[in-house]
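Q: Following this message is one structure expressed as structure tokens.
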Amino acid sequence: MREAHPQRFLGIQALRMIAACLVVLTHSTQYVFDRLDKNFLVWTQGTRGVDVFFVISGFVMVYSSQKLLEIPDGWKMFAENRVQRIVPLYWMVTTLKACIMLFTVGLTLHAILSPATVVCSYLFLPAKNLDGKIEPLVAVGWTLNFEMLFYLIFTIALFLRANVLKFVGITLTLLSVGAYFRHPAWPPIAFFLNTIVLEFFFGMLIANACINGIYISKKYAYFLLACGFVLLLFPSTDWNLLRFLISGVPAALIVWSTASLRTMDDSIPRWILYLGDASYAIYLIHPFVCPFPPTVLNRLHIDSPLLSVVLSVALGLGAGCIIHQFLERPLTNRLKSYSKMRQRLLQTA
């Protein structure tokens, strides 16, 4: 039975915060290793917060686009909304990274400026940098390449007025199958042949289930939520061909269980929801600020890796919230207002 009124799913918003914190924590341990203590153990499991993000993305796109399926120009509205949400801030941080690399020395590690990388970074296309790695200028932007690919496929499905679930599902499945045949010598565009794209489809399936009133009972949801986090963060072989199983399935369990626990929405603290709102800004800006604590501690000869991690996480979250509050949110609202004004003018013309 379909829901008469859409749910808010504030728990999903809280998951955004958790996913962002996991990524920031992992990178903070990496910065300690790079800049302060070569004997410090890097905690790699936090990168799986990305898998949670991907499942959430698939969930949100299906759930938020229900009305667009019935509108002839729904694909335009979907594409415009996604561009307004993702592109401006990413282009800003990409420009910032290019300027830093061009005019400073020693402030960035693991990155060499390449014209092809810069151009492809703005276009969300994979390209090899001068290190030979397929990586955008802003390293964390590799996930946005997959996001934009997913949005493109979703937009095409809306444009063709096709069954979105089937069209996107089949396309993502074909891309994941291609991962088993991908060869290192293939061009960078083959980067998109990856099983991780199935995680978007997992989110779509969960959203479709929720729209049709299919939830995990509260009796099992808490248990499966805990199991999902244990499996997600449990050390295991990081084999890319199996990532959709190793990380994707646990992430899907987490998202579906959280969506099923709708009664806990009112008990989620506002600051957690705010960090969820700011998760995109946190994700993009933290690589710029989190390296500062270990760098400063190293110059002060303070060998305290744990202090460095705590300071980096706090700085990453704080900087992300500031960018969200004073840049991302006002800019997004202005772009949305402009779009609505333009639509009204076109309707009255």
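The values are calculated or read from the model by the stated rules, or taken from the named source; none is laboratory data. Computed from a predicted structure; not experimentally measured. When we count neighbours, we look across all protein chains shown, and the Cβ atoms used for this are built from the backbone with ideal geometry, even at glycine.
Q: Among the candidates ARG48, ARG85, single out the residue that is basic (Lys, Arg), within 16 Å of PHE150 (Cβ to Cβ) and in a helix (DSSP H, G or I).
A: Result: ARG85 is the single residue among ARG48, ARG85 that is basic (Lys, Arg), within 16 Å of PHE150 (Cβ to Cβ) and in a helix (DSSP H, G or I).
Q: I'm checking my understanding of the structure. Among residues of segment 167-190 that are in a helix (DSSP H, G or I), of a type outside the set (Val, Ile, Thr) and touching a helix residue (DSSP H, G or I) at 6+ places or on another chain (Cβ under 7 Å), which one is surrounded by the most Cβ atoms within 10 Å (Cβ to Cβ)?
A: LEU172
Q: Would you please list the contacts, defined by Cβ atoms under 7 Å and residues six or more apart or on different chains, that run from a residue in segment 257-272 that is at negative phi to a residue that is of a type in the set (Val, Ile, Thr) and assigned to a helix (DSSP H, G or I)?
A: Listed pairs, sorted by first residue: THR258/ILE12; ALA259/ILE12; ALA259/ILE206.
Q: While we're looking at this one, here's another question. If we scan segment 3-13, do we find a residue that is free of Cβ contacts under 8 Å to residues at least 40 places away in the same chain, out of contact with any Leu (no Cβ under 7 Å at 6 or more places or on another chain) and among the β-branched types (Val, Ile, Thr)? So that I can check it myself, show each step before the final result.
A: First, the residues of segment 3-13 that are free of Cβ contacts under 8 Å to residues at least 40 places away in the same chain: 4-5.
Of the ones still in play, those that are also out of contact with any Leu (no Cβ under 7 Å at 6 or more places or on another chain) are 4-5.
From what's left, among the β-branched types (Val, Ile, Thr): none.
No, there is no match, as no residue in segment 3-13 is free of Cβ contacts under 8 Å to residues at least 40 places away in the same chain, out of contact with any Leu (no Cβ under 7 Å at 6 or more places or on another chain) and among the β-branched types (Val, Ile, Thr).
Q: Another question about this same structure. Test GLY213 against the stated conditions and say whether it is in contact with a Lys or Arg (Cβ under 8 Å, 6 or more places away or on another chain), in a loop (DSSP other than H, G, I, E, B) and touching a residue at least 40 places away in the same chain (Cβ under 8 Å).
A: So GLY213 passes the test.
Q: Which one is modelled with the lowest pLDDT, of the residues in segment 96-127 that are surrounded by 13 or more Cβ atoms within 10 Å (Cβ to Cβ), of a type in the set (Gly, Ala, Ser) and not in a helix (DSSP H, G or I)?
A: Ranking the candidates gives ALA111 first.
Q: OK, next. Checking LYS38 against (1) closer than 27 Å to THR263 by Cα; (2) out of contact with any helix residue (DSSP H, G or I) (no Cβ under 6 Å at 6 or more places or on another chain), which test does it fail?
A: LYS38 satisfies every listed condition except (1).
Q: So if I check each of VAL32, VAL93, which one is assigned to a helix (DSSP H, G or I), more than 27 Å from ALA157 (Cβ to Cβ) and over 17 Å from the mean Cα position of the chain (by Cα)? Steps first, answer last, please.
A: Numbers: VAL93 fails: over 17 Å from the mean Cα position of the chain (by Cα).
One residue alone meets the criteria, VAL32.
Q: Right, next: Restrict the check to segment 161-172 and report whether at least one residue is of a type in the set (Ser, Thr, Tyr) and in contact (Cβ under 8 Å) with a residue 60 or more places away in the chain.
A: Scanning segment 161-172, I find no residue that is of a type in the set (Ser, Thr, Tyr) and in contact (Cβ under 8 Å) with a residue 60 or more places away in the chain, so the answer is no.
Q: Tally the residues that are of a type in the set (A, V, I, L, M, F, W, C), assigned to a helix (DSSP H, G or I) and within 16 Å of LEU22 (Cβ to Cβ), restricting the search to segment 265-280.
A: 2
Q: If I ask for residues that are within 15 Å of ILE285 (Cα to Cα) and of a type in the set (Ser, Thr, Tyr), which ones from segment 16-30 would you list?
A: The answer is THR26, SER28.
Q: Let me ask you something else. Return the residues of segment 210-220 that are hydrophobic (A, V, I, L, M, F, W, C), surrounded by 14 or more Cβ atoms within 10 Å (Cβ to Cβ) and over 24 Å from the mean Cα position of the chain (by Cα); say none if nothing qualifies.
A: Correct list: ILE216 only.
Q: Something else: Out of PHE33, PHE53, PHE59, report the one residue that is modelled with pLDDT of 95 or more, within 18 Å of ALA281 (Cβ to Cβ) and of a type in the set (Phe, Trp, Tyr).
A: Being modelled with pLDDT of 95 or more, within 18 Å of ALA281 (Cβ to Cβ) and of a type in the set (Phe, Trp, Tyr) holds for just one of PHE33, PHE53, PHE59, which is PHE53.
Q: Which pairs do you get when a residue that is among the basic types (Lys, Arg), found in segment 29-45, comes within reach of a residue that is in a loop (DSSP other than H, G, I, E, B), reach meaning Cβ atoms under 7 angstrom, with the pair 6+ apart or on two chains?
A: Short answer, once both residue conditions are applied: ARG35/PRO291.
Q: With the condition kept exactly as written, say whether any residue in segment 302-325 is of a type outside the set (A, V, I, L, M), in a loop (DSSP other than H, G, I, E, B), surrounded by fewer than 15 Cβ atoms within 10 Å (Cβ to Cβ) and on the phi > 0 side of the Ramachandran plot.
A: No, that holds for no residue.
Q: Say whether the condition of being of a type in the set (S, T, N, Q) and farther than 13 Å from TRP256 by Cα is met by at least one residue in segment 190-197. Spell out the reasoning first.
A: Start the filter on segment 190-197 by keeping residues that are of a type in the set (S, T, N, Q), which leaves 194-195.
Now narrow it down to the ones that are farther than 13 Å from TRP256 by Cα: 194-195.
Yes, because at least one residue in segment 190-197 is of a type in the set (S, T, N, Q) and farther than 13 Å from TRP256 by Cα.
Q: Go through segment 233-263 residue by residue and tally those that are of a type in the set (A, V, I, L, M) and modelled with pLDDT under 95.
A: 6
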